[in-house]
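The values are calculated or read from the model by the stated rules, or taken from the named source; none is laboratory data. Everything numeric in this text was worked out from a predicted model, so none of it was measured. Because the Cβ atoms are built from the backbone with ideal geometry, glycine has one as well, and the counts that use them run over all protein chains shown.
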Amino acid sequence: MTFKEFFKGQKSRFFWLNIIAMVGVVVLLITVTLYGIDSYTHHGEKITVPSITGMNSSKAAQILDEAGLAYEIVDSTYRKDMAPESVVEQSPTAGNFVKKGHIIYLTINQTKTPTIVLPDIADNASLRDAQAKLEALGIKTGPAELIPGEKDWVYGVKYKGRKISAGDRIPSSATLVLIVGNGDSHASADSASNKTAVAESEEPANE
């Protein structure tokens, strides 16, 4: 074997060793990178979203924190059947699988009952129209209080036994009583005539 052939073989051997070393370095870098990404994004980790609906918001926050989850209050509403500051809705819902640190979006029950302005319905609407207007606002009505007057005409509105007027603010959970004519308009007219007659009889006679 000549020196030329010997060095030629060495060069070829070093070349392939360098190639193998470079491939090894690339594979190592890819492996480390993928491991770092998985570690950063918590790939493969699954956390079951706990059920916190109906809980006090402070207790719900504690449970989410212990589970490795974040939370954000995005809305509030009013539910008469739920305690103030309790969780009304959660998203994602309980039972879903999420990654560690995932944000759970919460809707919380308001602490105060919202109020609504009473529309102008007294002596300005029929029973049907008044009920439709109130229903559109989410206000309930109980049995009507009947008085002599034009049938199904609304003459007034009561809340907790007290007369209220258009523009008054009432709780959205209120149940109102509508004062409605019973159709006996003659009785109403006779009553008005009697009142007038009584008033006239009480006036002093002119000398």
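Regarding Ile121, is this residue crowded, with 17+ Cβ neighbours inside 10 Å and at pLDDT below 95?
So Ile121 fails the test.
Filter the stretch 22-75 down to the residues that are surrounded by 11 or more Cβ atoms within 10 Å (Cβ to Cβ) and aromatic (Phe, Trp, Tyr), then identify the one that is modelled with the highest pLDDT.
Here the residue is Tyr71.
If we keep just the residues of the stretch 97-107 that are assigned to a loop (DSSP other than H, G, I, E, B) and exposed (fewer than 14 other Cβ atoms within 10 Å of the Cβ), which is nearest to the chain's Cα centre (by Cα)?
Gly101
Can you confirm whether Glu150 is within 24 Å of the chain's Cα centre (by Cα), acidic (Asp, Glu) and either modelled with pLDDT of 95 or more or more than 30 Å from Val49 (Cα to Cα) (or both)?
Answer is no for this residue.
Within the stretch 145-160, is even one residue of a type in the set (Ser, Thr, Tyr), in the same structural domain as Ser172 (by TED's automatic domain parsing), surrounded by 12 or more Cβ atoms within 10 Å (Cβ to Cβ) and free of Cβ contacts under 8 Å to residues at least 60 places away in the same chain?
yes
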